[in-house]
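The values are calculated or read from the model by the stated rules, or taken from the named source; none is laboratory data. In this text, all values refer to a predicted model and were calculated from it rather than measured experimentally. Every residue, glycine among them, receives a Cβ derived from its backbone with ideal geometry; neighbour counts consider all protein chains shown. Only protein heavy atoms, including side chains, enter the accessible area calculation; ligands, DNA and RNA are left aside. Shrake-Rupley method; radii C 1.70, N 1.55, O 1.52, S 1.80 Å.
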Amino acid sequence: RTELALKEIMSSGGAEDDIPQAERKTVTDFCYLLDKSKQLFNGLRDLPQYGQKQWQSYFGRTFDVYTKLWKFQQQHRQVLDNRYGLKRWQIGEIASKIGQLYYHYYLRTSETSYLNEAFSFYSAIRQRSYYSQVNKEDRPELVVKKLRYYARFIVVCLLLNKMDVVKDLVKELSDEIEDYTHRFNTEDQVEWNLVLQEVAAFIEADPVMVLNDDNTIVITSNRLSETGAPLLEQGMIVGQLALADALIIGNCNNQVKFSELTIDMFRMLQALEREPMNLASQMSKPGMQESTEKPARRENPHKYLLYKPTFSQLYTFLAASFKELPANSVLLIYLSATGVFPSGRSDSEGPYDFGGVLTNSNRDIINGDAIHKRNQSYKEMHCLHPGDLYPFTRKPLFIIVDSSNSVAYKNFTNLFGQPLVCLLSPTAYPKALQDQSQRGSLFTLFLNNPLMAFLFVSGLSSMRRGLWEKCQDYLRKINRDIAQLLTHSRSIDQSFLQFFGDEFLRLLLTRFIFCSATMRMHKIFRETRNYPESYPQLPRDETVENPHLQKHILELASILDVRNVFLENTLDDY
């Protein structure tokens, strides 16, 4: 392919003999690097999606070639313009591939700094207008490359909370789509318009706006910051386990999504990451550092993001995580999925008798479904039952279930004596609460951004920045007190304390207790199914119904002038 291209290029540039040997070599080398980079990039698709080690050397080689290619086209731009006819969109294409590499490296490692690198390459494409000439060429496939670049750039900006950039990109993408469909009359117009609708809904998913004095929206980040998790105080006896791996699973019908991320998955993945730090801006090769270089701080837990997985996909990833979990580490499973309820009556109360949460059904199991419909005594097939997770309780396991059938997981049994905790969402919300389920679950919002969730249940939809920051400070104080309640409790199950040494899990546990205490005090949350639950159960009087904590919640409500939303009589004994 390269030789053919070379002959065409050289002959179009005049007599072959007129071209100096050095310039001919430059074009040859460029074509070689371009071919090699495409070959390696396409090979990334064949790498296994799970398992953390097999892919690293391949990624390293791919980065290597792209680094050379990028530098090569910078150093020899003039020759490549004259002799090869290098177009600006081709440079944009290389930069876009490098952006994709960094993004995929982030997905594989959960290291947020790589998102910044992806952002800088995607930004350069836009600032330098690499794709601006594409619309002049009569080639729809080139325009599609440009549209895909926009969609990928939007995903990276969403993950970095750069909402102002997202809004600009959406406007530009909208104009590009209109131009594309007008010029080429293509069949994929509906699909591209759906992309626009999805991202618009995603941006508007937050139920509360925080406003600056000039009414511009404040972008709040919900990743773990230095001051995020309550610090462990002297004398707190907690375990030394560290969260090493997480499966984030989204399978809710009709929830806002963009790319393959539901809003719940998006919120939970941010709750399991630290604020990104900028890597050195030069293009470093991930995966190539010497193992002797220790990072200055703990890394983010590794994550798998599974959108609408089938049972076999979910189990494969779960088994891979379980197999690679280091010693003294925790595996977290987050399930945001539609509830599946048992279809027939069962005399027993085993781990397959309460239903569970939905897994995606592949069309090829139609026969199985037909049998299932005929015989009510069979269990639900496209469902992750509590019993399906039993084999994995041989190692420390932290489970969060956000579902209308989360209580199925209350009937867990700890077979192997390893630390095990399940945090379970309410199975229903009060009718009086405006239905937000499409814009993400309230329970997950409490785990990701507890103040925004508190404002929402208090009936507030916007807030000034100064007041927001004052409330955040107060919430940090509440979190510190919850941490003390947990570690001083005499009757709490040891599993909670064994997980409490990890910053991420500590924050999730304190937010869970804050969520539960808030709902129990709220005037319209009056049914048992409106409250979160846990396995093992928490001692209520020492945690979620503790008078000291209830007093704090009323104090927070007073700062916001919404005390009337909460019950006061719970404090009569205080």
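Annotation: amide H-H contacts under 5 Å for ALA242 (H modelled 1.01 Å from N, sequence separation of 5 or more, or interchain): SER329, VAL330. Taking a ≥ b ≥ c as the square roots of the eigenvalues of the Cα gyration tensor of the chain, is the shape rounded (a/c under 1.5), prolate (a/b larger than b/c) or oblate? Prolate, because a/c is 1.5 or more and a/b exceeds b/c. Remark: for residue pairs LYS87/LYS162; LYS97/LYS171; LYS38/LYS145, the C-alpha separation exceeds 26 Å in LYS87/LYS162.
For the pair TYR58 and VAL144, label points projected 7 Å from Cα toward Cβ lie 2.4 nm apart.
Think of the chain as having a plus end and a minus end, set by charges on the Cβ of Lys, Arg, Asp and Glu; of VAL218, PHE354, LEU556, PHE354 sits farthest toward the positive end of this dipole.
Once all protein chains are placed together, THR220 keeps about 30 Å² accessible to a 1.4 angstrom probe. With both labels modelled 7 Å from their Cα along Cα-to-Cβ, the ASP473 to LYS87 distance reads 5.8 nm.
Label points 7 Å out from Cα along the Cβ direction at LEU415 and ARG183: separation in nm? Taking the simple label geometry, LEU415 and ARG183 are separated by 6.1 nm. Computed with a 1.4 Å probe over protein heavy atoms only, the accessible area of THR28 comes to about 50 Å². Note on VAL218 and GLN78: the extension gain reaches 45.9 nm, defined as 0.36 nm multiplied by sequence separation minus the Cα-Cα distance.
Give the cross-link partners of LYS36 among the aspartates and glutamates, using a straight C-alpha distance below 18 Å as the criterion and excluding same-chain residues fewer than 8 apart. Filter leaves GLU3, ASP46, ASP64, GLU93. Partners of LYS477 within straight-line reach, counting aspartates and glutamates whose Cα lies under 14 Å from its Cα and excluding those fewer than 8 residues away in the same chain: GLU233, GLU469, GLU555. In the chain, what percentage of the DSSP-assigned beta bridges are antiparallel, given to the nearest 5? About 25 percent, rounded to the nearest 5.
Computed in the context of the full set of protein chains, the accessible area of region 12-206 at 1.4 Å probe radius has 47% of its extent on carbon or sulfur. Within region 501-542, which residues have the backbone N less than 11 Å from the label spot 7 Å out from LEU232 along Cα→beta-carbon, could you tell me? Those under the cut-off are 501-503, 506.
Percent of Cα pairs in region 12-206 per distance bin of 10 Å, from zero to the largest separation: 8, 30, 33, 22, 6, 1, 0. For SER462, the accessible area of its heavy atoms, probed at 1.4 Å with every protein chain present, is near 50 square angstrom. Computed on region 12-206, with alpha-carbon pairs under 8 angstrom and 6+ residues apart, the relative contact order is 15 percent. Think of each Lys and Arg Cβ as +1 and each Asp and Glu Cβ as -1; about the Cα centre, that makes the dipole of the chain roughly 640 debye.
Using 0.36 nm per residue and subtracting the Cα-Cα separation, the extra length available between THR528 and ASN135 on full extension is 135.6 nm. Distance from the Cα centroid of region 169-190 to that of region 509-567 is 49 Å (rounded to whole angstrom).
The chain: longest stretch without exposed GluC sites (Glu not before Pro) (DSSP loop, at most 16 other Cβ within 10 Å), sites themselves excluded? That gives 350-526 as the longest site-free run. Kirkwood radius, region 146-235, all distinct C-alpha pairs, inverse of mean reciprocal distance: 15.6 Å. Per residue, the chain exposes an accessible area of 47 Å² to a 1.4 Å probe, with every protein chain left in place. In this structure the amide hydrogen of ILE399, modeled in the peptide plane, comes within under 5 Å of the amide hydrogens of ILE333, VAL421, CYS422, LEU423, none closer than 5 places in sequence on its chain.
Remark: relative contact order (the chain) = 14 percent; criterion is Cα-Cα distance under 8 angstrom and separation of 6 or more residues.
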